[in-house]
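The values are calculated or read from the model by the stated rules, or taken from the named source; none is laboratory data. Remember, it's a predicted structure, so these values are computed and weren't measured experimentally. No Cβ is skipped: glycine too gets one built from the backbone with ideal geometry, and neighbour counts run over all protein chains shown. Please note that ligands, DNA and RNA were not included when accessible areas were found on the heavy atoms of the full protein model with its side chains. Shrake-Rupley method; radii C 1.70, N 1.55, O 1.52, S 1.80 Å.
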Amino acid sequence: MQNQRRHLDIPYLPELDSMTLDQAVKYLDEKGEHQTIDHLNWKEQYPYRPLTAFTIAHSDTQIYIDFFTRCNYLRAVNYKNNSDVYQDSCVEFFVAPHGEAPYYNFEFNCIGTIHAARRMDRHSGEKLTDEQLDSVRRLASCGTRPFEELQGIFSWNLLAAIPLSLIGVSYEPGNPVDMRANFYKCADATSEPHYLSWAPITTPQPDFHRPEFFGDITLL
């Protein structure tokens, strides 16, 4: 475990709830907190590091995360809820609302397909229902239709608005909420598989399901 965990203060922007997702993307760029996902934890095995960043804020009821990636390969084969989106061009948000476990893994490919579950660890968890997944609003710059891998230079965004109630959190203005989390970029089945994280992970092999390496986040 790292000696000093990363910390992220997430700004409170209640006006986001009255905006369309298109408007929210622009507002987050102006008012949100900007971060990069750039830890190359397994660089000898997986040296590719696509530019990846996110902008984040929260309202009274939701966490808004706008991911941005520039990459050489783009893949979006999975289109059904709780399919294996980690194989595609994928961004992820893992959050432990009350400590290290249980935690929630929210995974999105570049067309907005979502995989999410409540977990104790990688091998023990319960997938969220279709109704719960549908409550997570998404806006994908690549559209929503699946496609096989493309080669070139691609830039794409994925905005996700995750209800706080979905992870068992309530927020009252003026009362900050402390949680633990990590943010990831991966693409297991592409021609250049890679595994990037916001907070570093010191395991021998790629493993995002390690809440002991989550950083600290605070809803201000």
Sum of side-chain charges, THR190 neighbourhood, beta-carbon under 11 Å (Lys, Arg +1; Asp, Glu -1): -4
Taking K and R as +1 and D and E as -1, what net charge do the other residues with C-beta under 12 Å from the C-beta of ILE56 add up to? -3
On a 1.4 Å probe surface of the protein chains, which of PHE68, PHE213 comes out largest in accessible area, and what is the full order? PHE68, PHE213
Any lysines with Cα under 27 Å of the LYS26 Cα? List them, leaving off those in the same chain fewer than 8 positions away. LYS185
What is the spin-label model distance, in nm, from ASP22 to ARG122 if the labels are put 7 Å beyond Cα along the C-beta direction? 4.2 nm
Amide H neighbours of LEU8 at under 5 Å, excluding residues fewer than 5 places away on the same chain, with H built from the backbone geometry, are ASP216, ILE217, THR218
Amide N of the stretch 39-68 lying under 17 Å from the label point, which is placed 7 angstrom from the Cα of THR202 along Cα→Cβ: 39-44
Mean separation of Cα contacts under 8 Å (at least 6 apart) over the residue count of the chain, i.e. the relative contact order in percent, is 29 percent
How much area per residue is accessible in the stretch 57-150 when the probe is 1.4 Å and only protein heavy atoms are counted (Å²)? 44 Å²
At 0.36 nm per residue, and after removing the present C-alpha to C-alpha distance, how many nm does the segment from GLN132 to THR218 gain when stretched out fully? 28.6 nm
Using helices alone, what [θ] at 222 nm do you get for the chain, with -39,500 (n - 2.57) per DSSP H run of 4 or more residues, divided over all residues and rounded to the nearest 500? -2000 deg cm²/dmol
Tell me the label-point distance for the pair HIS98, GLN151, using the 7 Å Cα-to-Cβ offset, in nm and rounded to one decimal. 5.0 nm
Within straight-line cross-link reach of LYS43, aspartates and glutamates at Cα separation under 14 Å, skipping those fewer than 8 residues along the same chain: GLU192, ASP207
Excluding residues on the same chain fewer than 8 positions from LYS127, give the lysines whose Cα lies under 19 Å from its Cα. LYS80
For the stretch 18-174, the percent of accessible surface on carbon and sulfur atoms (probe 1.4 angstrom, ligands and nucleic acids excluded) is 46 percent
Based on DSSP loop calls and a cut-off of at most 16 other Cβ atoms within 10 Å, the longest stretch of the chain free of exposed GluC sites (Glu not before Pro) is what? 101-220
